[in-house]
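Notes follow the structure.
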Amino acid sequence: MTSPKGSRAQKLKLPTLTRKGTLEVPSPTEKDWSKDDEEDWVFKGPDQEQDSLPQPYRMINKLVNFLFDHSWEIIEERDASRKAELSRIQPTIYPPLLESKLNKMPNCMAISQDYVFIGGTKGFSIYNLYNAKRIYVWEKLKVDVTYIWATDLGSEILIASVDEMGIIRLFYFYKDGLYLIKAINEADDTSKQTTCIKVEISEGGDFAAFLLQGAGDIWLDVYKLPKESWLKEVEHLQLTINPKKKVRQLQLNTLDPVTADNLEMDINISFRGDVKLSLPVYIMKIKPPKPVAGTTFKSPLEVFAKIEDCCGLGSGQNHFIKDSQWERQAAIFNATFRKYLDGEWEEELLSMATFHFLLPSCIIAMPVEVKSPPGVACVIGVHWTGSHNFFLYSLNRTLKDKVDPEGVWPCAAPIALSQLSCCCSYLVLACEDGVLTLWDLAKGQNMYPEGPVKSQMKCVVLCTDASLQLVAATETQRPTLSVLVERPVKHLDEAICAVAPVQALPGMVLIFSSNGSVHLMDVAKPQIVCAFAPPRSYHLAVPWKPVFVVSLHHPCFLLRGDHPDEIGSASQAEDIPNSIFYFNFEAYPLLEQISRNCTIPQANVLDDTTFPQVLPLEERCENFFQKRFRKLVKNKVKEQEYWTRLQRYSSLLQRENLNK
């Protein structure tokens, strides 16, 4: 495809040295001549004496060269990443301790006491936590259970499940009986059916809140749970049916190793659908705050008169801004940012709520007459989508009381996310402008501290760019920010999709990546301690949304895995073989010592030096006076010993003087 120049003899001439660039006329003086360099000369072959390819072959040639160059760059990049992967220290990978094979797709899991509750097709199942043996199956629905919660009430367990229709049901599990308390939002008329979006149950199971949606509206229903009445009713029922029957049940806070007796534990659970337990007490309905509009007040005095006892101060609802001022401000804004506002607007989404049950604390403004027992939630904190305010509502009210917030924590930007720690001692508010507000609620619970209050908190933050950050705050010092995991740039499959704290290992978190890997990280160092993985024949069906649960009282976590060889051959999703894998931190040599050192003895739970917020004010005062009394007695004893020794010393001196 080239046109040769000259004859055949010219084609066979030897290669020559040709100078780079264009030829120039040299200057008359030799001193101005450029110094010859070997790089200025190239070895030119005889093939280059031919004409260049005509179109379109030149374009094809460029494309082929580009393809080869690009392929070579990819090869070099993969080779470099492979070498870096080999040179990187790989963490120890631990297999699961137990495997529970399921014939149906599990959608959700929850752990309470020594039981595992797995929601799936047409209901949920109850499993033994230690031997992965199924104890009972409740499948009485026409749809699947999508979410499930389990809360420990002492010797009994409160179960909350939400199905695909958005119906929330409360169950009561005590010894060998499972009782249906109520379907909270089930309606006879399907046109009036509401959907449950979120569920939150307070620590100890005294209150429950459900975020409901229906008819284009959304609201939050709060209930008080009569757990004392439930216990009396089921105990009386069991004594009536069989007074001599005793059911063995493992206790919650047992930290003893698994024994043969535990593994052989078998309970015959029965569903008591005919038993009617006391219903939850409906105490209030919380709606999203109204959009701020023009004032209806005629004077500033009416605005202050509207605010009773400073309740709701800071919400922005009571103001003296007129409609004309709002319209003028909106016109100025639209004129200034017209070029950014032009175009199609997306439909405004329905406002959502995030809510938490908070324990009594002096930083939470509450009426003086309200007195809550220690360890029982007294306030529910709520923030809505796009709202700057974190509203605080007292739980000591009835349905007849007016629903107004007792307190408001305003922020400079809309609150995007909030999180309450497992011990209910720390609260974090994350705003849309990237600002975090950290609240130490535990220090506020001790209203009369013995010494200076010292707050220290560390918060692990998963950012939108998949990077993991650590925020540390100590007292009034400036908080520090450090990067635990960098944002993945080249390997996007290593992006972090979920992070979960490990209650049994303080200072450590489980990190779930999009490629299905699970790592345990020590955030204080920071470094990866180890990794966990199911057998090679299994993988995570949806790696970017793993189904797992971490126990709050046991050093373990559960992870769902799917069999990849069976997915293509299965006709339906529920026919795909699945497994729940059980990982116990104390079963691995590297974590056994760490787990035992981090465990808090049960005897220290009631010690006021370990958990000062557990004891009420009267007991704290009594302990204070007892300490003072012991100190005085100790000083008195020391004083008596001092005078006794002084008298002995004086008598010895007198004897020596007499001898002299």
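The values are calculated or read from the model by the stated rules, or taken from the named source; none is laboratory data. Model, not experiment: these values are computed from the prediction. In this analysis, Cβ positions are derived from the backbone assuming ideal geometry, glycine residues included, and neighbour counts consider all displayed protein chains. Quick note on the areas: whole protein, heavy atoms, side chains included, nothing else; ligands and nucleic acids left out. Shrake-Rupley method; radii C 1.70, N 1.55, O 1.52, S 1.80 Å.
R0 = 30 Å: FRET efficiency of Lys402 with Met352, Cβ-based, nearest 0.05?
So the FRET efficiency works out to roughly 0.80.
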(request) Compute the distance in nm between two label points, each set 7 Å from the Cα along the Cα-to-Cβ direction, one at Ala495 and one at Leu590. (result) 2.7
(request) At 0.36 nm per residue, minus the direct Cα-Cα distance, what do Ala413 and Asn268 gain on full extension? Give it in nm, one decimal, please. (result) 46.8 nm
(message) Using the Karplus curve 6.51 cos²θ - 1.76 cosθ + 1.60 with θ = phi - 60°, what ³J(HN,Hα) values do you get for each residue of the range 155-165, in whole Hz, with x for Gly and Pro?
(response) 8, 10, 10, 9, 10, 10, 10, 10, 9, 5, 7
(message) What distance in nm lies between label points placed 7 Å from Cα along the C-beta direction at Ala472 and Asp188?
(response) 6.3
(request) For the range 79-86, just list the computed ³J(HN,Hα) in residue order, Karplus coefficients 6.51, -1.76 and 1.60, θ = phi - 60°, integers in Hz, with x standing in for Gly and Pro. (result) 5, 5, 5, 5, 5, 5, 5, 5
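Can you tell me the length gained on complete extension of the stretch Thr146 to Asp79, counting 0.36 nm per residue apart and subtracting the Cα distance? Can you show the working numbers first?
Numbers: separation 67, 0.36 × 67 = 24.12 nm, distance 4.37 nm.
Gain on stretching Thr146 to Asp79: 19.7 nm.
How much of the accessible area of the range 51-113, in percent, comes from carbon and sulfur atoms when a 1.4 Å probe is used? All intermediate terms of the calculation are to be shown ahead of the outcome.
On the way: 3020 of 4900 Å².
C and S atoms contribute 62 percent here.
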(request) May I ask you to rank Asp465, Asp69 by accessible area, largest first, using a 1.4 Å probe over the protein chains only? (result) Asp69, Asp465
(request) Would you mind checking which residues have amide H under 5 Å from Ile269's amide H? H placed 1.01 Å from N; only 5 or more apart, or other chain. (result) none
(message) Quick check: at a probe of 1.4 Å, how many percent of the accessible area of the range 118-191 sits on carbon and sulfur atoms?
(response) 44
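Report the calculated FRET efficiency for Trp219 and Ile89 (r = Cβ-Cβ distance, R0 = 30 Å), to the nearest 0.05.
On the way: r = 52 Å, r/R0 = 1.75.
E(calc), rounded to 0.05, equals 0.05.
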(message) 7 Å from Cα along Cα→Cβ at both Ser71 and Ile135: what's the point-to-point distance in nm?
(response) 6.2
(message) Per-residue counts of other Cβ atoms within 10 Å, averaged by peptide: what ranking do you get for 221-234, 165-178, highest first?
(response) 165-178, 221-234
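Pulled fully out, how much extra length does the chain show between Ile241 and Lys62, if you take 0.36 nm times their separation in residues and subtract their Cα-Cα distance?
On the way: separation 179, 0.36 × 179 = 64.44 nm, distance 8.87 nm.
Taking 0.36 nm per residue and subtracting the Cα distance, the gain is 55.6 nm.
For a 24 Å ceiling on Cα separation, which of these pairs sit above it: Lys525/Lys545; Lys198/Lys371; Lys490/Lys545? Let's see the in-between values first.
On the way: Lys525/Lys545 27 Å; Lys198/Lys371 28 Å; Lys490/Lys545 21 Å.
Exceeds cut-off: Lys525/Lys545; Lys198/Lys371.
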(request) Tell me which residues come under 5 Å, amide H to amide H, from Asn578 once H is placed; ignore anything under 5 positions away on its chain. (result) Leu102, Lys104
